[in-house]
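Values quoted throughout were computed directly from the atomic coordinates according to the rules given, and no laboratory measurement underlies them. Bear in mind the structure is a predicted one, so any value in this text is a computation, not a measurement. With ideal geometry, Cβ positions are generated from the backbone for all residues, glycine too; neighbour counts draw on all protein chains shown.
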Amino acid sequence: MAAEESRSLLGHPAPDPDPRVRNKKLYLAAFAAVLGPLSFGFVLGYSSPVIPELRRIDDPKLRLDSDQASWFGNVWMLYLGRMLTGLASGVTSLVVPVYISEISHPKVRGMLGSCVQLMVVTGILGAYIAGIALPWRWLAVLCSFPSCIMLLFMSFMPETPRFLLSRSRRSEAVAALRFLRGPLADHEWECEQIEAGVQEEGLNVSEFKNPSIYRPLLIGVALMFFQQLTGINAVMFYAETIFEDANFKDSRLASVVVGSIQVFFTAAAALIIDKTGRKVLLYVSGVIMALSTALFGLYFKMVLPNPNNSSDPDVWAALNSASPGTESSISWLAVVSLGCFVAGFALGWGPIPWLVTSEIFPLKARGISSGACVLTNWAMAFLVTKEFNDLIGFLTSYGTFWLFSAFCCLNIAFTAFYVPETKGQTLEQIEAYFRRS
């Protein structure tokens, strides 16, 4: 079904893969690139085990002794380090999906592109697990390893053939294809296919009036917009409290459980995405999240003592004021909802928006369009997180989660009407589809 949808959307069948292609070095290049998202994941996960440890230190300047001073001169180094890792993570979010998309061939592009999100959640889980055993200083040292290895590996990896051809460096592009596809593949044929879609002229602002430029941009921005409106940050915000209500005494163990679910289902998505297609997984993911957030709303509707009181934005105060024993008697509902939601998000709306936005933009607009999508994603993540308590105060906890459920339903409709199926298509075929449309 997915293959038929792909043919109907793009107008021609997907090309058969060259049986002489060898993927060994392609996988090596992709592995080198996704070490960046792995490091990004460590950055995201670092604060979860570290903040409680730092809060137990009485002195606001961390009471650094002479041994500790060899690692950090004073607290401003922590702030500077956090700013630098944030900057590097933003660059990684922009560059790595595009790099992997441009070096891959259609048969494995979905799997390799999904590995970006897989490595992010793996890094988060790694930070959770390591944080149980390591103090915060050594955890910071461990978190620096993936980026150091990435620097070493990427120094031996080629630039993308599409970038090289856009700069009229054909011999280097052929050499890059020889490295990525193996010595037996038809490098000249693939080079000619890429050249046919390469436009050497730069991108003018006026060209954004062209549907072949603005349509994929709007789709990419909308995907990032809707990804954050699933409520992923809000659900994770509740995770620790939910596990405590379910008598999980160690919140760190709860974080490991959630992280493990993310890794497992993101890996499952990566393994099946080139067979099922992107849209099928987005449908399945959207349905699971819509049901899960609806159940979350039901849970909070049942535990809040006064449904008409929507003025209290403090989640924990509301939960703690519930009738004794109410939460624990139905805490299983929240735990099941949490597990299903995280699994659903990891299966589709977590990795696929990043993958699709790395595929659908024309070469000359790929940089600025990808940047706009990354900016949208982070801006919406910030906005949803910042306004979450205000939403609870205005709509109540259950109303807020029912709103997220409605957005998940809207995601499904958006996927059905606007997201093209890119499974099995070259980047040039996808670009040609938008030109014809």
FRET E, pair Ile368, Arg167, Förster distance 22 Å, beta-carbon r, rounded to 0.05: 0.80
Segment 269-299-segment 401-437 distance, computed between alpha-carbon centres (Å): 14 Å
Rough spin-label spacing in nm, given labels placed 7 Å along Cα→Cβ, for Trp189 and Leu44: 3.9 nm
Derived scalar couplings ³J(HN,Hα) [segment 212-228; Karplus, 6.51 cos²θ - 1.76 cosθ + 1.60; whole Hz; x for Gly, Pro]: 5, 9, 7, 5, x, 5, 5, 5, x, 5, 5, 4, 5, 4, 6, 4, 6
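So, counting K/R as plus one and D/E as minus one, what does the shell of residues with Cβ under 13 Å around Tyr418 add up to?
+2
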Longest to shortest principal axis, alpha-carbon extents of segment 341-437, angstrom: 48, 25, 24
Cβ-defined net charge surrounding Leu281, 12 Å radius [Lys, Arg +1; Asp, Glu -1]: +2
Asp390 paired with Trp332, simple spin-label distance in nm, labels 7 Å along Cα-to-beta-carbon: 4.0 nm
Length released on extending from Ala413 to Ala381, taking residue separation times 0.36 nm less the Cα-Cα span: 9.4 nm
Charge tally in the Cβ shell below 14 Å around Gln228, where Lys, Arg are +1 and Asp, Glu are -1, Gln228 excluded: 0
